[in-house]
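The values are calculated or read from the model by the stated rules, or taken from the named source; none is laboratory data. Given the structure is predicted, the values throughout are model-derived calculations rather than measurements. Here Cβ is always computed from backbone atoms with ideal geometry, including for glycine, and neighbour counts include all displayed protein chains. Ligands, DNA and RNA are excluded from the accessible area calculation, which covers all protein heavy atoms including side chains. Shrake-Rupley method; radii C 1.70, N 1.55, O 1.52, S 1.80 Å.
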Amino acid sequence: EKEVEWNFSDYEAQNIYDMRATTENSFLFGVRALITNLEDSKERYTTGGVTRFITKALTYGTGGADRTIDNTTFVDWTKSIFTGNCGADTRFLFGGDGLMANLTKVDTVQKQLEAKKTELKWGVTFKAIETNFGMLLFKHHPLMDLAGWGDNGIVLDMKKKKKHTFKP
C-alpha cells in the first residue's frame with residue numbers, strides 16, 4: 001500500500017551499477033574468446049578473467065563445512081604467497097564472505113585489525129596485515145559471493161600484472 005518514488009535518476013543509477021558489476025565480474029571470471037555479432041557481423045573479443053590465470057591454490061580447513069584458519073595455516077599461506085616468485089613486497093587479497101570471516105578470526109590478523117591500519121590504493125580502502133614475508137592488503141569483494149566464490153579469495157601481485165591490448 002506504500003508507493004515508492006522511483007524516477008529516471010534511480011533507474012539510471014541502477015543501470016550504471018549493473019554495468020560496473022558486469023564488467024568487474026567479467027574481469028574476475030570471464031572467458032577469453034572471439035565471437036561474431038550476428039547482427040552486424042563484427043568480431044568481438046571477450047576478456048579472460050583473472051581467475052583463469054591462477055597458478056597456485058591454497059586450501060584451508062579440514063574440508064566440508066570446517067573452513068577454520070589457524071595461525072600456522074596463515075603463516076604458511078603468507079610464506080607461499082610471498083616467496084619464490086620475485087614479486088612485490090605488497091600483495092592484494094580480494095575475498096568472499098566466508099574467507100574474510102574466517103581470516104578475521106586468526107589471532108595474528110585480529111590484533112592487527114584492532115590497530116585499524118588501512119591503506120588507500122586506487123580509491124579502494126584495504127585492511128593491512130604485516131607479515132614476516134610482506135604486506136598483505138585485503139578487501140571483502142561482494143561479487144565473489146555472487147559468483148559462488150564466498151569461501152575463496154584471489155591474491156594479486158600488481159608488479160606482475162600486464163595489460164594486453166589487441167586493437168587500440
Over all directions, how big on average is the projection of the convex hull of the alpha-carbon atoms in region 64-168, in square nanometres? 8.5 nm²
The answer for the longest stretch of the chain without any exposed trypsin sites (Lys or Arg not before Pro) (DSSP loop, at most 15 further Cβ atoms within 10 Å) is 57-104
Within the chain, what is the longest stretch that has no GluC sites (Glu not before Pro) placed in a DSSP loop and near at most 16 other beta-carbon atoms within 10 Å? 40-168
For Ser26, Ser9, what's the largest-to-smallest order of accessible area, 1.4 Å probe? Ser9, Ser26
On C-alpha positions alone, give me the angle between the axis of helix 71-82 and the longest principal axis of the chain, in degrees, nearest 10. 60 degrees
Let me have the relative contact order for region 123-168, percent, based on Cα pairs under 8 Å that are six or more residues apart. 20 percent
Within region 1-110, DSSP-loop chymotrypsin sites (Phe, Trp or Tyr not before Pro) with at most 10 other C-beta atoms within 10 Å are Trp6
Contact order relative to length for region 7-132, counting C-alpha pairs under 8 Å separated by 6 or more residues, stands in percent at 14 percent
Cut-off under 16 Å on the C-alpha distance; same-chain residues fewer than 8 positions from Lys159 excluded. Which lysines are left, in chain and number order? Lys121
How compact and how long is region 12-84, expressed as Rg and Dmax of its alpha-carbon atoms in Å? 19.2, 57
Rounding to the nearest 10 and keeping the result within 0 to 90°, find how far the Cα-based axis of helix 8-29 lies from the longest principal axis of the chain. 60 degrees
Heavy atoms only, probe 1.4 Å: what % of the accessible area of region 1-140 goes to carbon and sulfur, would you let me know? 52 percent
In whole angstrom, note down how far apart the Cα centers of region 133-168 and region 1-55 are. 18 Å
Accessible area per residue in Å² at 1.4 Å probe, computed on the chain: 72 Å²
Determine, for region 1-119, the count of lysine pairs separated by eight or more sequence positions (or lying on different chains) whose alpha-carbon distance falls under 28 Å. 10
